[in-house]
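So the structure is just underneath, and the comments pick up after that.
The values are calculated or read from the model by the stated rules, or taken from the named source; none is laboratory data. These numbers were taken from a predicted model, which means no experiment stands behind them. Heads up, the Cβs are rebuilt from the backbone with ideal geometry, glycines too, and the neighbour counts pull from every protein chain shown. All accessible areas refer to the heavy atoms of the entire protein, side chains included, with ligands and DNA or RNA removed. Shrake-Rupley method; radii C 1.70, N 1.55, O 1.52, S 1.80 Å.
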Amino acid sequence: MEGREVVLPTVSRVALCGGTHGNELSGVYLVRERLKRKVEEEEHISVVTVMSNPRAVQQCRRYTETDLNRCFTHATLSGPVTDKTPYEIVRSQELNTLLGPKGSPEAMDLVCDLHNTTANMGLCLIAYSDCDWISLHIYRYLQMSDIPVRFIHFDLPLNEAYSLDSVGKHGFAIEIGPQAHGVVRSNILSTMQEGVQQMLEWVRLFNSGTPFEGGKVDVYTMVKNVDYPRDFETRGITAAIHPQLQDRDFCLLRPNDPVFQTFSGETLKYTGTEPLYPFFINECAYYEKGIALSLWSNAASPSPHMALAHSRAVPDRQETRADTLLRPEGARWTGAR
């Protein structure tokens, strides 16, 4: 794989989305700043900047009725809409019209969705494929900068992929933490801004014909989620993350290592048979989803040499079908120079 070359077309249309969760404020403020400054400097790229969930952003809540970032499966996007349909489902279909349709030739070349986590995860790229060479090469490019970064892989088919970034031909979320929901930390925001600029720089270089060497990259793949211990009758949690595990995202968890400490003081240990990597440890937003932490495997994944298939002009202004037919709340197109 590393020795062969993959030839791909230009990544000329990019969507940068924030506020999918309205209380994850790094993406909210990054998008607000771009919209306010009317950023149009993206050479060789046409960018659409989107505030994904403006109602939730206004209320500084993760969502208003249902989690928008679970609404992008094919089943949800193709479902009927009535006056009783939750706002986020309606919004997901609007965004699919603007940035997709999902799985179609008209979809955005690249969708990048911006998120925060309360877990101590640093900067991560989260994608649905470990064979998306665009995403993997952007990851490699970020690794060459001064930004520590990891690549996380949910192994799901496209029709089951549930998050906004799955609408594009290529896509990933930038997840960064730790940052409490409803606050913005300057160091976290600055790291996200640098990650976005490095991503756009890679796209500019690729579109201008720069080839990229292949090589192996570390990829974390989802194995399972672990719930908190719960009371059999009330279903309330009966333990918290053990102090020896708290904030140790990406540190290898071995059999018999402490995982939980019950409210009565008992230590509960990892009963798995294989060492795995925990992260999203004690994520605030996952209490409602019954997830205390997620466990992942890690392996080196080969990425091939990559080159531009052909040169094609990027329009001076990308006012396309999606812009003329629908400009949902919080969206603005910027054109390439």
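One table, with the values for the structure above:
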{"quantity": "Hey, residue 79 on the phi > 0 side of the Ramachandran plot, surrounded by fewer than 20 Cβ atoms within 10 Å (Cβ to Cβ) and assigned by the TED database to the domain that holds residue 171 or not", "calculated": "no"}
{"quantity": "Residue in the range 99-120 that is open to solvent by 40 Å² or more (accessible area, probe 1.4 Å), part of a loop (DSSP other than H, G, I, E, B), among the polar types (S, T, N, Q) and touching a Lys or Arg at 6+ places or on another chain (Cβ under 9 Å) present", "calculated": "yes"}
{"quantity": "Residue within the range 213-221 that is over 27 Å from the mean Cα position of the chain (by Cα), aliphatic (A, V, I, L, M), modelled with pLDDT of 95 or more and part of a strand (DSSP E or B) present", "calculated": "no"}
{"quantity": "Residue within the range 192-210 that is closer than 17 Å to residue 283 by Cβ, assigned to a helix (DSSP H, G or I) and modelled with pLDDT of 95 or more present", "calculated": "no"}
{"quantity": "Filter result for the condition that a residue is within 19 Å of residue 33 (Cα to Cα) and either modelled with pLDDT under 95 or open to solvent by less than 40 Å² (accessible area, probe 1.4 Å) (or both), over 152, 188", "calculated": "188"}
{"quantity": "Evaluation of residue 94 against (1) in contact (Cβ under 8 Å) with a residue 24 or more places away in the chain; (2) in contact with a helix residue (DSSP H, G or I) (Cβ under 8 Å, 6 or more places away or on another chain) (one fails), failing number", "calculated": "(2)"}
{"quantity": "In the range 22-40, the residues that are within 16 Å of residue 180 (Cα to Cα) and open to solvent by 10 Å² or more (accessible area, probe 1.4 Å)", "calculated": "23, 25, 29"}
{"quantity": "Residues (open to solvent by less than 10 Å² (accessible area, probe 1.4 Å) and either touching a Cys at 6+ places or on another chain (Cβ under 9 Å) or part of a helix (DSSP H, G or I) (or both)) located in the range 126-149", "calculated": "134, 135, 136, 137, 138, 139, 142"}
